[in-house]
Amino acid sequence: MKFNTKTVHKGQKPEKLYGSVSLPIYQTSTFKQNEIGEYIYDYSRAGNPTRCNLEENICSLENGKDAVAFSSGLSAITSIVQLFSSGDHMIFTNNVYGGTYRLLYTIIKKYNIEQSWVDTSALDQVVSAIKDNTKLIFIESPTNPMMTLSDIKAICDVAHKKNILVAVDNTFMSPYFQRPIELGADLVVHSTTKYLNGHSDVIGGVIISKDQDLGEKLHYIQMSVGAVPSPFDCWLTQRSIKTLHLRMPRHNENGMKIAKFLQGSNKINSIYYPGLEDHPQHELAKKQQLDPDGNPGFGAMISIDLGSFKNASIFCKHLNIFTLAESLGGVESLICHPGKMTHASLTPEKRKEMGISEGLLRLSIGIEDVNDLIDDLNNALEKI
């Protein structure tokens, strides 16, 4: 079954009792047992048919063996770390989403998980960071918001020689444009809040595993910790995935046209977008970010540096279509200031180390008419 068909049909079997074509929302906390201990589902924290159908659908899109849905992307990342033990060592991309950094560096670190934060775009740094007790390499590619890529296949080849698991945060690309398991990853994580749901009305996360054993361990953590999404959120997400293969090409097309427009402005100090030929990892993006037909895709996330907080503030104030808001991946175009929003919990020194300046803005390009979006951006640039 091809990718586009999977989005519509995987996990979407018509309901048996009445033949409902639309997947029912099993909005229940508990289930009747025919006999003591005789049941398919017993309690919705442990399993719910609406959630299981969503997991089946997303698993098929990433070509994994199992998928486990969570109440947020961060709860999914937490569950990956919970596969391991105190005293284990993990390597993380040093330029990640602020919430991921906050979770790992300030919360997880308390539990004696040894951490190395390295530039995973440089394979030699990854190799140098590996220790005898290294159990996990966690990659975010592209990174949020600096759009830095890591060579997933090369890292997996190195890691697997030493029996180290590799997890990839694939939120920015979605399975439409990048499928890390095909590149060797053991685990893939998404904030389903973003492109998978794509309508800015759900908070959720998911982990896809390349083998059943890892999946079973994650299901146990899911049940034990209880960070599960509601049936309604699962239904909304699966409804939205049906149009993923229609939305993502439009996001990508708009993203490329807007990046090229921004490239021609003398008001912008720097543009970060892997689709531009001058991006340092443009060739890597062309190799590992591929749509289901094998064509390169660069997504719709663009970061720009306007040189100062004052310029960034004036620019945002004069936008009419772009909305100043957290999050990304929705059908509507959003803009955010990472230093004051997504990465505000980091120290100024850490933000500077990541390259997050006071003039940096992150754009999430929606599916509106691209000429309207360009006009909106151009009008705001003229005010600087």
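Looking only at residues in the range 143-163 that are touching a residue at least 60 places away in the same chain (Cβ under 8 Å) and in a loop (DSSP other than H, G, I, E, B), which one is surrounded by the fewest Cβ atoms within 10 Å (Cβ to Cβ)? Among those that are touching a residue at least 60 places away in the same chain (Cβ under 8 Å) and in a loop (DSSP other than H, G, I, E, B), it is Met146.
Whether any residue in the range 115-132 is aromatic (Phe, Trp, Tyr), outside any loop (DSSP other than H, G, I, E, B) and without any contact (Cβ under 8 Å) to a residue 40 or more places away in the chain is what I want to check. Yes, that holds for at least one residue.
Among the residues that make up the range 330-345, is at least one of them of a type in the set (A, V, I, L, M) and touching a strand residue (DSSP E or B) at 6+ places or on another chain (Cβ under 6 Å)? Yes, the conditions are met somewhere in the range 330-345. Pairs needed: first member in the range 328-357, over 17 Å from Cys316 (Cα atoms); second member anywhere, at pLDDT 95 or above and among the aliphatic types (A, V, I, L, M); C-beta distance under 7 Å; at least 6 residues apart or different chains. Close Cβ pairs (under 7 Å, with a partner that is at pLDDT 95 or above and among the aliphatic types (A, V, I, L, M)) amount to Val331/Ile367; His343/Ile356; Met354/Met146; Gly355/Met146.
Here is a yes/no grid of residues against (1) under 19 Å from Val158 (Cβ atoms); (2) not aliphatic (A, V, I, L, M):
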{"position": "Cys52", "(1), (2)": "no, yes"}
{"position": "Lys65", "(1), (2)": "no, yes"}
{"position": "Ser72", "(1), (2)": "no, yes"}
{"position": "Phe92", "(1), (2)": "yes, yes"}
{"position": "Glu114", "(1), (2)": "yes, yes"}
{"position": "Val118", "(1), (2)": "yes, no"}
{"position": "Leu123", "(1), (2)": "yes, no"}
{"position": "Val126", "(1), (2)": "yes, no"}
{"position": "Lys135", "(1), (2)": "yes, yes"}
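You will find that of Leu306, Leu360, Leu328, the residue that is of a type outside the set (Phe, Trp, Tyr) and more than 21 Å from Thr93 (Cβ to Cβ) is Leu306 and no other.
Working only within the range 299-310, note down all residues that are crowded, with 24+ Cβ neighbours inside 10 Å and either under 23 Å from the mean Cα position of the chain (by Cα) or more than 14 Å from Leu262 (Cα to Cα) (or both). Selection gives Gly299, Ala300, Met301, Ile302, Ile304.
Tell me, please, whether a residue that is outside any loop (DSSP other than H, G, I, E, B) and among the basic types (Lys, Arg) can be found in the range 94-109. Yes, there is a match, as at least one residue in the range 94-109 is outside any loop (DSSP other than H, G, I, E, B) and among the basic types (Lys, Arg). Could you tell me which residue of the range 340-354 is nearest to Thr143 (Cα to Cα), considering only residues that are of a type in the set (Lys, Arg) and surrounded by 13 or more Cβ atoms within 10 Å (Cβ to Cβ)? That would be Arg351.
To keep it simple, each residue is scored yes or no on (1) over 14 Å from the mean Cα position of the chain (by Cα); (2) buried (at least 24 other Cβ atoms within 10 Å of the Cβ); (3) of a type in the set (Lys, Arg).
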site: Met173; (1), (2), (3): no, yes, no
site: Leu187; (1), (2), (3): no, yes, no
site: His199; (1), (2), (3): yes, no, no
site: Gly205; (1), (2), (3): no, yes, no
site: Lys260; (1), (2), (3): yes, no, yes
site: Gly264; (1), (2), (3): yes, no, no
site: Ile268; (1), (2), (3): yes, no, no
site: Ile271; (1), (2), (3): yes, no, no
site: Glu277; (1), (2), (3): yes, no, no
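Apart from one condition, Arg239 fits all of (1) surrounded by fewer than 23 Cβ atoms within 10 Å (Cβ to Cβ); (2) closer than 19 Å to Gly47 by Cβ; (3) not hydrophobic (A, V, I, L, M, F, W, C); the exception is (2). Could you please find all residues in the range 314-338 being touching a Lys or Arg at 6+ places or on another chain (Cβ under 9 Å) and closer than 17 Å to Met301 by Cβ? Selection gives Leu324, Ser327, Leu328, Gly329, Gly330, Val331, Leu334, Ile335, Cys336, His337, Pro338. Do you know which of the residues in the range 1-34 that are surrounded by fewer than 14 Cβ atoms within 10 Å (Cβ to Cβ) and of a type in the set (Gly, Ala, Ser) is modelled with the highest pLDDT? Selected residue: Ser29. Quick check on Tyr26: is it within 30 Å of Ser128 (Cα to Cα) and either touching a residue at least 60 places away in the same chain (Cβ under 8 Å) or of a type in the set (A, V, I, L, M) (or both)? When the stated conditions are applied, Tyr26 does not pass them. Which of the following residues is hydroxyl-bearing (Ser, Thr, Tyr), touching a helix residue (DSSP H, G or I) at 6+ places or on another chain (Cβ under 7 Å) and not assigned by TED's automatic domain parsing to the domain that holds Ala300: Ser128, Ser116, Ser150? Result of the check over Ser128, Ser116, Ser150: Ser116. Would you pick out the residues in the range 200-256 that are within 18 Å of Ile365 (Cβ to Cβ) and among the aliphatic types (A, V, I, L, M)? Of everything in the range 200-256, those that are within 18 Å of Ile365 (Cβ to Cβ) and among the aliphatic types (A, V, I, L, M) turn out to be Leu244, Leu246, Met248, Met256. Selection of the range 128-166 for residues being within 18 Å of Lys210 (Cβ to Cβ), over 18 Å from the mean Cα position of the chain (by Cα) and small (Gly, Ala, Ser) yields Ala154, Ala159.
Within the range 49-98, restricting attention to residues that are touching a Gly at 6+ places or on another chain (Cβ under 8 Å) and of a type in the set (D, E, K, R), the residue that is surrounded by the fewest Cβ atoms within 10 Å (Cβ to Cβ) is Lys65.
The values are calculated or read from the model by the stated rules, or taken from the named source; none is laboratory data. Bear in mind the structure is a predicted one, so any value in this text is a computation, not a measurement. We place every Cβ from the backbone using ideal geometry, glycine too, and count neighbours over all the protein chains shown.
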